[in-house]
Amino acid sequence: MSRRIYIFDTTLRDGEQSPGFSMTPEEKLQVARQLARLGVDVIEAGFPASSPGDFASVQQIAREVDGPVIAGLARCNRADIEAAARALKDARRPRIHTFIATSPIHMEKKLRMKPEEVVQRVREMVAYAASFGMEVEFSAEDATRSDWRFLAQVFTVAARAGARILNAPDTVGYTTPKEIYDLFRYLKEHVDAPDGVIFSTHNHNDLGLAVANTLAAIEAGAEQVEGTINGIGERAGNVALEEVVMAIRTRHDRYPFHTGIRTTEIYRTSKLVQTVTGVSVQPNKAIVGANAFAHESGIHQDGVLKDRSTYEIMRPEDVGVPESTLVLGKHSGRHALRRRLEELGYHLSEEEIDRAFARFKELADRKKYITDHDLEAIVGEEQQKTGEALKLESFQVVSGTQTLPTATARVVLASGEVRQEAASGDGPVDALYRAIDRAAGFQGRLLQYELKAVTEGQDALGEVTVRVMSEGRVALGRGVSTDVIEASARAYVAALSKLMSGRGIPVQPGADEVPAEGWMQRAWGD
Ligand code: KIV
Ligand code: ZN
């Protein structure tokens, strides 16, 4: 009989906590909603004690996202556990996920605790977490470098104190498939846990073994898999959930398991995470990369034309890859656009549809064929615009080999005031960004600029992603246009607008630098 594997998504916690993957609270909510559509069993929404922003974000997701269990991370201390319990209070199905390290190196060098102190802490803190009446998961950080007998002892204590899920993370991506298989067999045999307790696997990808290790752990009896979309996360990342899910589904003969994932939502979820983080996956990335289903060589194309299964082990439609064909044209109306967006799985408000339609019409005037990929890019740009503090009205750029690049930008402020300024710069984009800064009366520092083509051909849409910093906050902006200078301007204005309305992400200390007592205790004095 096929065994059910529970999917625990930590894109918003382990994924988001790594540098360069930050998301705004609205973006986190958007991702959480999409994860619910994807059918994950658990969403780890954040680490509430790490910052007021994380607390608020976990709280919002707990209140607004239905379906999956909502988990919040907490170290094994009272302040963290209280913060998690408060943030999760309104979730229908809350879970406190508490952890402490169990490897000799972590206990001695990081925690400066003796093994018996760790055991005592686990006993007390798991019981404390359970006292909130919420489901409790316990993780033994750096489990794969821990002494197995000690690990089994810690898990037994945690399970008896009330943890229902026991997670053995490969925190530093060090283990191997055979080793983790043996470890899970050992734990299944030696942990003396009440009925109903399940084991979970959580693998980092430092040696590129995360998927193989996860599958081995499942074969040995793990029932929950923790990972992220696109494999984002600390260092080389976490296991990519889409790869594990599709491996199980495609090789059901070897992996007689099933998940609750709607695989047709995989591509859309991956795209959303790429859009909101501004980090694209490499073209050859398994399952969701641009080339994952492309057959370039003559021999392969010939085979696929004769019978798809010659070279295709999965169909693009199984993971929701849209067909890159002509879908809409100049004369298509709002209704047709809405229907196509719905078919593509976008759930937009009336206001977002209006804005997407205006952009679609503009684009249709310049570009003959509008494909699904073009629509995705337009929606990606429009979805970032809520409460705009700055709008681009027009711009002009003069540039050439013998001229000093100069630009004029005309913008509209939130007050309705229209302002125009000119500037020169090192190149056309630099000049334009300086002119926008002047017109907006606000200075941004460009940290990152990326340009890519959305589709092929001469009239392809260019998509620009920028990361801009001002006053200790960073914001991401995206812009699309057939004109790359215009796409650059749109992206910069979107980022500046977020910063001007206080929606930038604070440049925070990492989770390890969070004060031991947590910010909440100090802020609330309890
Ligand atoms: O990698 C790890 O050990 C973790 C734990 C906090 C679960 O992310
Ligand atoms: Zn991790």
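Would you pull out the residues with amide H under 5 Å of ILE100's amide H, same chain only if 5 or more places away, H placed 1.01 Å from N?
SER139, GLU141
Translational diffusion coefficient, Stokes-Einstein: compute it for region 322-382 using the Kirkwood radius over C-alpha pairs as Rh, at 25 °C and 0.890 mPa s, and state it as an integer in µm² s⁻¹.
217 µm²/s
Quote to one decimal, in nm, the extra length available between ASP426 and GLU64 on full extension: 0.36 nm per residue of separation minus the C-alpha distance between them.
Difference between extended and current length: 125.7 nm.
For region 399-466 and region 125-189, write down the distance between their C-alpha centroids in whole Å.
Cα centroid to Cα centroid, the span is 52 Å.
Defining a contact as two alpha carbons under 8 Å apart and six or more residues distant in sequence, what relative contact order in percent does the chain show?
Reported relative contact order: 11 percent.
Subtracting the Cα-Cα distance from 0.36 nm times the residue separation, let me have the gained length for THR403 to GLU456 in nm, one decimal.
Here the answer is 16.0 nm.
Which percent, nearest 5, of DSSP beta bridges in the chain are antiparallel?
50 percent
Let me check I've understood the local charge: for GLY479, count other residues with C-beta under 15 angstrom from its C-beta, Lys and Arg +1, Asp and Glu -1. What total comes out?
Once all neighbours under 15 Å are counted, the net charge is -1.
Can you give me the three principal axis dimensions of region 3-277 from its C-alpha atoms, in Å, biggest first?
Per principal axis, max minus min of the Cα coordinates gives 46, 44, 34 Å.
Give me the net charge for the shell around GLU352: Cβ to Cβ below 9 angstrom, other residues only, Lys and Arg +1, Asp and Glu -1.
Net local charge, GLU352 excluded: -2.
Tell me, what is the FRET efficiency for ASN284 and GLN448 to the nearest 0.05, using R0 = 22 angstrom and their Cβ-Cβ distance as r?
0.45
Can you report the principal axis dimensions of the chain using only the alpha carbons, biggest first, rounded to whole angstrom?
73, 67, 43
Calculate one ³J(HN,Hα) per residue across region 275-281 by plugging θ = phi - 60° into the Karplus curve 6.51 cos²θ - 1.76 cosθ + 1.60, and present them in order as whole Hz with x for glycine and proline.
Per residue, the Karplus-derived 3J(HN,Hα) values read 5, 6, 8, x, 10, 7, 7 Hz.
Among the listed pairs LYS271/LYS368; LYS89/LYS110; LYS28/LYS271, give every one whose C-alpha distance is greater than 21 Å.
Over 21 Å Cα-Cα: LYS271/LYS368; LYS89/LYS110.
How big is the shadow of the Cα convex hull of region 390-506, averaged over all directions, in nm²?
So the Cα hull casts an average projection of 7.2 nm².
No value in this document is a laboratory result; all are computed from the given coordinates. Everything quoted here is computed from the prediction, not taken from an experiment. A quick note on method: Cβ atoms are made from the backbone with ideal geometry, for glycine too, and the neighbour counts reach across all protein chains shown.
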